[in-house]
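Working notes, structure below.
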Amino acid sequence: MGETPIRIALAAGLGVALLGARDAGPAAVGTLYIAAVTAALVQYDLRERRLPDALVLPGFAFAGVGAAWSSSSGGGGLTVIAAAALSGLAVLGAFLVLASGGGLGMGDVKLAAVLAAALAALVAERAPPEREPAAAVVGAVGALVVGSLVLGALAAGIVVRSRGAGTGAARAERTVGAGLADDLPFGPVLLAVFWAVALGW
């Protein structure tokens, strides 16, 4: 089986799971776009250690369209737009700081911001009236960020150990930092945690 049918099947499966599990509304437009490009992003990052802007950056537009559509249809009011914008900007800033220390590429930074914006719009729209939407958004986006960093650190630790014990502390430290970009593509980690939160929150 070629790669294209696999990508289509995965995109369709994620989209159906999202619509079924979340009873998603207009704010899900951004997340549905992510479903369409998840397989391609994973393949690019595993093979070429990069996340193409052509696949990542349109996610901002789709997340914005979904948030605006939700607002105009009364699904979540301006809360959805504010949640998507603020979450995307906050995660962008946080990951820029992390990237400045090494270990993350700019593709990872931009993808994290897209995922945060799409997830925030989805959660803000679906937050029950009796529950504060801001709290739900902070919880979901926080789970995305913390879960991704923890999972990435665990995977990096496995990489370090797989290289053998007599490498010395200095080499291990370099691997945990810069190794995330060179030896462990971070895009698949971000996407895995995103889908776990989006479908399970």
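Per-structure values
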item	result
Cα-based convex hull volume of the stretch 63-104 per residue, rounded to whole Å³	51
Rule-of-thumb Rg ratio for the stretch 62-146 [Cα; 2.2 N^0.38 Å; N residues]	1.11
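Every number in this text was worked out from the coordinates using simple rules, so none of it is lab data. As the structure is a computational prediction, the values presented were derived from the model and not from experiment.
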